[in-house]
Structures are given as structure tokens and as C-alpha cells.
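The values are calculated or read from the model by the stated rules, or taken from the named source; none is laboratory data. Predicted model, so just to flag it, every value in this text is computed and none were measured. Neighbour counts are summed over all protein chains in view; Cβ atoms, including those assigned to glycine, are modelled from backbone coordinates with ideal geometry.
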Amino acid sequence: MTKRIDQTDDNSKQEQKYGDIGNYLGLGLQLAVTVGVMVFVGIWLDNKFNTSPWMTLGCSFFGIMAALYSFIKTVLKSGK
């Protein structure tokens, strides 16, 4: 009987560990996608308004700042 309880405790600990890791696995992808999308938006705006390279630079900077803000907010929230 105690062996079964120990196995259940081990399984719940593993599930919790993988759940904690899962929160961090998506952060890198989220960071890259945010910056990449904003770069493509900037390129599209530059082509539309003939303002090369200013919209690309502005959107890239905004994407980097937004991604870092989200990253830092998530890390600080998970540390509590």
C-alpha cells in the first residue's frame, strides 16, 4: 500500500516539474515570433509608404521591447 502511495507522489512531482518547465519552453518561441512578426510588419509598411528603413527599424524596436516586457513579466510572475 505504501509503495503505491509513493509512486503516486512521484508521478505528481514529475507532472508538476514538467508543468513548470512547460511554462518556460514557449518563452523563446514567443520572443522570436513577436520580433519576427514586427519586422515583417515594418517591411510591409516601408514598401507601402516608401519610408525604407524607418518603419522596419521602428517596428523592430517596438517588437523587441514588447517581447522583452512579456518575457520579464512572465519570469517575475513565475518566481512568486
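Kindly list, by first and then second residue, each pair from a residue in segment 32-49 that is touching a residue at least 40 places away in the same chain (Cβ under 8 Å) to a residue that is part of a helix (DSSP H, G or I), limited to pairs with Cβ atoms under 9 Å and residues at least 6 apart or on different chains.
Close Cβ pairs (under 9 Å, with a partner that is part of a helix (DSSP H, G or I)) do not exist here.
Does L29 satisfy the criteria of being modelled with pLDDT of 95 or more and within 18 Å of the chain's Cα centre (by Cα)?
no
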